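**Q** I have a structure I would like to understand better, so I am pasting it below and will then ask my questions one at a time.
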Amino acid sequence: MNFEQAMKSFNVLGQNVRLKLMLRLVEKGDEGLCPCDMLEELNIANSSLSFHLKELESSGLVTKEKKGQYIFYYAKCNVLKQLGEFLLEKCPTCDSL
């Protein structure tokens, strides 16, 4: 991951609702989450949820898949791992962790 990609990802995750969404998607793993379930948990308007999911998706942090009449969103854990590695790659003491 390069600096620009990391900056974009951190910028997207720096928003309260998007960080909460990301954490829920990570918790759900391969099960994913349907927006209808996210609306109930976050108590936000559908238009607001759509905006935040679009931001997460356009930054490459989540992906979506249509299953029947529903769309499920999933965290792209490989990208999150790269983001963590980006932070730690120059740390002289991180190898000992």
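FYI, it's all coordinate maths here, none of it is from the lab. None of these values were measured; they are calculated from a predicted model. No Cβ is skipped: glycine too gets one built from the backbone with ideal geometry, and neighbour counts run over all protein chains shown.
**Q** Please list the non-local residues whose amide H lies under 5 Å from the amide H of residue 62, H modeled 1.01 Å from N, same-chain partners needing a gap of 5 or more.
**A** It is 57, 76, by chain and number.
**Q** All other residues with a Cβ under 14 Å from the Cβ of residue 65 taken together, and with Lys, Arg as +1 and Asp, Glu as -1, what is their net charge?
**A** Summing Lys/Arg as +1 and Asp/Glu as -1 gives +2.
**Q** Here are labelled values, [x] 18; [y] 60; [z] 28, and one is the computed percent of Cα pairs over 23 Å apart for what I pasted. Which one?
**A** Working out percent of Cα pairs over 23 Å apart from the coordinates points to [z].
**Q** Through the Karplus equation 6.51 cos²θ - 1.76 cosθ + 1.60, θ set to phi - 60°, convert the phi angles of the range 29-34 into ³J(HN,Hα) values in whole Hz; use x for Gly and Pro.
**A** Those phi angles translate into x, 5, 6, x, 9, 8 Hz.
**Q** Then there's this: Full extension from residue 50 to residue 4: what is 0.36 nm times the residue separation minus their Cα-Cα distance, to one decimal in nm?
**A** 14.1 nm
**Q** Another question, then. Helix-only estimate, please: 222 nm mean residue ellipticity of the chain, summing -39500 (n - 2.57) across DSSP H runs of length 4 or more and dividing by its residues, to the nearest 500. Provide the component values of the computation, followed by the final result.
**A** Numbers: 5 runs with 57 residues, N = 97.
Computed ellipticity for the chain at 222 nm equals -18000 deg cm²/dmol.
**Q** A further question on this structure: Counting only C-alpha contacts under 8 Å and six or more residues apart, can you give the relative contact order of the range 3-82 as a whole percent?
**A** Values: 76 pairs, mean separation 27.1, N = 80.
Worked out over the range 3-82, it gives 34 percent.
**Q** Return the subset of 20/81; 28/90; 54/90; 8/28; 8/54; 64/90 for which the Cα-Cα distance in this structure is over 22 Å, preserving the input order.
**A** Numbers: 20/81 18 Å; 28/90 31 Å; 54/90 32 Å; 8/28 24 Å; 8/54 14 Å; 64/90 33 Å.
Beyond 22 Å between Cα atoms: 28/90; 54/90; 8/28; 64/90.
**Q** How many nm is it between the label spots at residue 88 and residue 20, if each spot is 7 Å from the Cα in line with the beta carbon?
**A** Going from the residue 88 label point to the residue 20 one covers 2.9 nm.
**Q** Along the range 78-94, what does the Karplus equation 6.51 cos²θ - 1.76 cosθ + 1.60 (θ = phi - 60°) give for ³J(HN,Hα), rounded to whole Hz, x for Gly and Pro?
**A** 5, 6, 5, 5, 4, 5, x, 5, 4, 5, 9, 4, 9, 6, x, 9, 6
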